[in-house]
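Working notes for the structure below.
Derivation of every value follows stated rules applied to the coordinates shown; laboratory data play no part. These numbers come from a predicted model, not from an experiment. Quick reminder, even Gly has a Cβ in these numbers, built from the backbone with ideal geometry, and neighbours come from all protein chains shown.
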């Protein structure tokens, strides 16, 4: 009997006009499809514009998501990791999850979990102002009372759903920006105290606990106190002192030079997997990024483009991730992929006019 793997693809839930606050970034009313649709080639041989085979669909439509769930399941993707946002004291971009996936009749075929994308919002999403991309619109750090409001919403609205992805029966919740978490809560001791409370609340609600997952970046210096000018510590020192249960990556661009051939990138990636496995105390789940090129978000040319990320090369990368999972039989057989639909970062599995279903077929060849 073939071993079953949990192949989890991140979802960027911006391909809808159903969230009113998206109009400030994408006034055409189709979410970030606007940037995909209007993209241009920046140099000879640049593989843009690209077009989605399925069209500029509204992913907050349950019928659209029923189709996408079938396609994902048929090709071996059996978990979606939804980017989840909270800004200005309320959720942002929940429609694709709430109205699309959760109302799809077949959502039992592909489970889901949430990654709290607690990064600040700047002008990166608005191509009209992308030359001022570092101008902050919303800050994402939250204090303890707001953290508690968020946690209670997550427990009641999502963690109890029968399709929510769990490890050892515990709902998995990933946190993207560790520095913002520390900043908002006021230091690593405060983070641990908030996590302890969060786990207790989950148990009070009838859950067996929580599996808290960290988005790993490269090694960097982090502020331990949450106060400007406070004591710094390495990523490893910080993680060793926090009660996370596991970690994975979100994107190769976070820890290696991506402006080169995919084969060379993967050499660094495998070395990074091995380093993390050797140096960190908590389990690491291997991650594969399909590519990187965020030029659709900018008027001017942006350097840093992955080369030669063909479906065949992605298949080889997935084989390496599978081998890592096989070498760690004591942990969940989870592999994360960036992504299902990060079109404006050119890192997606959805079929397009260049490779058609090639990326999805690569997943299927390895995992089904």
Please give the calculated 222 nm ellipticity per residue for the chain, where each DSSP H segment of at least 4 residues contributes -39500 (n - 2.57) and the sum is spread over every residue; nearest 500 deg cm²/dmol? -8500 deg cm²/dmol
What does the extension gain come out to for residue 3 and residue 137, with contour length at 0.36 nm per residue minus their alpha carbon separation? 43.7 nm
Packing rank of 341-354, 181-194, where each peptide gets the mean count of other beta carbons within 10 Å, highest leading: 341-354, 181-194
Inverse of <1/r> over all distinct C-alpha pairs of region 75-139, i.e. the Kirkwood Rh in Å, gives 13.8 Å
In nm, the gap between the two label points placed 7 Å beyond Cα toward Cβ at residue 274 and residue 316 is 1.7 nm
Beyond 18 Å, how much of the Cα-Cα pair distribution for region 32-163 remains, as a whole percent? 65 percent
For region 176-324, share of DSSP beta bridges that run antiparallel, in % to the nearest 5: 35 percent
Among beta bridges assigned by DSSP with both residues in the chain, the antiparallel ones amount in percent, to the nearest 5, to 30 percent
On average over all directions, what projected area in square nanometres does the chain have, based on the convex hull of its Cα atoms? 17.1 nm²
How would you order 166-174, 31-39 from highest to lowest mean count of nearby Cβ atoms within 10 Å? 31-39, 166-174
Going by average Cβ neighbours within 10 Å, how do the peptides 331-338, 267-274 rank, with the highest at the top? 331-338, 267-274
Could you tell me how far the Cα centroid of region 281-308 sits from the Cα centroid of region 234-280, in Å? 14 Å
Region 1-20 to region 31-105: how many Å between their Cα centroids? 8 Å
